[in-house]
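Heads up, the thing below is written out as structure tokens.
The values are calculated or read from the model by the stated rules, or taken from the named source; none is laboratory data. Not measured: the values here are computed from a predicted model. Cβ atoms come from the backbone with ideal geometry, glycine included; neighbour counts cover every protein chain shown.
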Amino acid sequence: MARSLAPRGRLALLAWRELPRNEWLVEIRAALAHGRDLPLPPPDARTPFSLADPDRVRALLNGSGYDDIDFEAVDEPIEFGATVEDAFGFMRTLGIVRGLAHDLNQLVKALQRQRECGGHVVLHAPSDQTLRVLDLVGLTKRFTIT
């Protein structure tokens, strides 16, 4: 790519910062952790955070023929939908939400062992966090809440 640029051409990238600096995602992870300790992804893993380390990115770009590399922090609000319902619907499609929800299979299996008539699990006074998690991953319809 560097060779395809015109002389003194520029490459602009927009990348996420480290996971702990993405407050919205920290909150989603906390809700879906449901008491589990979730590790941070390795810096070189194929995640949105793989370009968060300026030294790593500088080395990658230098190795690809780029020079005069500079970084500028951009802090802007992020909007996931025009309404709460839109945002909720979008959040349910995120890979991290699907991945963490998949890991909740043990919780769901434990609840299903308590299954009562009609194929529903009856949850007696579940915590707000449990309800948020079940709602976020689309499982509230499988349970009867009392």
Next item on the list: Could you grab the pairs with beta carbons closer than 8 Å, sequence gap of 6+ or different chains, first residue in segment 69-82 and surrounded by 10 or more Cβ atoms within 10 Å (Cβ to Cβ), second one small (Gly, Ala, Ser) and not in a loop (DSSP other than H, G, I, E, B)?
Entry: Phe80/Ala87; Gly81/Ala87; Gly81/Gly89
Next item on the list: Among the residues of segment 20-37, write down those that are in contact with a helix residue (DSSP H, G or I) (Cβ under 6 Å, 6 or more places away or on another chain) and either in a loop (DSSP other than H, G, I, E, B) or not aliphatic (A, V, I, L, M) (or both).
Entry: His34
Next item on the list: Being assigned to a helix (DSSP H, G or I), at pLDDT 85 or above and surrounded by 10 or more Cβ atoms within 10 Å (Cβ to Cβ) narrows it down to one of Ala59, Ala52, so name that one.
Entry: Ala59
Item checked: Failed item in (1) touching a residue at least 60 places away in the same chain (Cβ under 8 Å); (2) within 21 Å of the chain's Cα centre (by Cα), with Pro48 passing the rest -> (1)
